[in-house]
Amino acid sequence: MSNVIVANIFRFLGLVILQVLVLRSINLGGADFNYISIIIYPLFLILLPLRTPHSLLVLLGFVLGFFVDVFYDTYGVHASASVFTAFIRPYILAIYEPKGGYNINYSPTKHRFGINWFLIYAATLLFLHLFFYFSVDAFTFYYIGDIFLRTIFSFLVSIILVVIYQFVFDPKE
């Protein structure tokens, strides 16, 4: 197997284990302010190589969300949000495409494209993932205020951890 496949397998396992064993049990808001959920597993989809076929990306999104759903007992909420994130990723990449284009052999990391580009790209995908997740979780727009509050507070904490991940691990592939 190539180094890229092995690295992504380890990233998948590491992020799922971190999400379900550590981050699931952290409650930053306490009992009175339960608007913060730390969700970083979409980072696996965000960091997949640019040459990943769209159909494989969506399949990997489903598998990722399915494994998180199994541990969260959420019956498809994470899977649907991950499939949504995987589906819109190529469109977000097209919006933020640099003037010289992409080298499809790279993964979209801060190392390859710079920290500013990575922050905008990752923040967009993470925000959309969280908004979709909380919308499906509520299953009605009657609670749109709560959906936005949960999205914003969870986004702020989660994006900090995504940036820390990039600085600590700085994936090259």
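Every number in this text was worked out from the coordinates using simple rules, so none of it is lab data. Given the structure is predicted, the values throughout are model-derived calculations rather than measurements. A quick note on method: Cβ atoms are made from the backbone with ideal geometry, for glycine too, and the neighbour counts reach across all protein chains shown.
Results, tabulated for the structure shown:
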{"item": "Charge dipole (debye, nearest 20) of the chain; +1 at Cβ of Lys and Arg, -1 at Cβ of Asp and Glu", "result": "540"}
{"item": "Dimensionless Rg ratio for the range 1-70, taking C-alpha atoms and the 2.2 N^0.38 Å reference", "result": "1.29"}
{"item": "Length-normalised contact order of the chain in % [C-alpha pairs under 8 Å, at least 6 apart]", "result": "26"}
{"item": "Signed unit charges on C-beta, dipole axis of the chain, positive-most listed residue Val157, Val20, Ala94", "result": "Ala94"}
{"item": "Fewest-first sequence of Lys110, Lys99 by Cβ atoms within 10 Å of each Cβ", "result": "Lys99, Lys110"}
{"item": "Burial ordering of Thr140, Thr74, Thr85, fewest other beta-carbon atoms within 10 Å first", "result": "Thr140, Thr74, Thr85"}
{"item": "Chymotrypsin sites (Phe, Trp or Tyr not before Pro) restricted to the range 66-118 and DSSP loop, no more than 13 other C-beta within 10 Å", "result": "Tyr75"}
{"item": "Crossing angle, helix 54-72 versus the chain [Cα axis fit, 0-90 degrees, rounded to tens]", "result": "30"}
{"item": "Helix 144-169 vs. the chain, principal-axis angle (Cα, 0 to 90°, nearest 10)", "result": "40"}
{"item": "Cα-based convex hull, the chain, per residue volume (Å³, whole number)", "result": "115"}
{"item": "Relative contact order (%) - criterion: Cα under 8 Å, at least six apart; region: the range 1-90", "result": "26"}
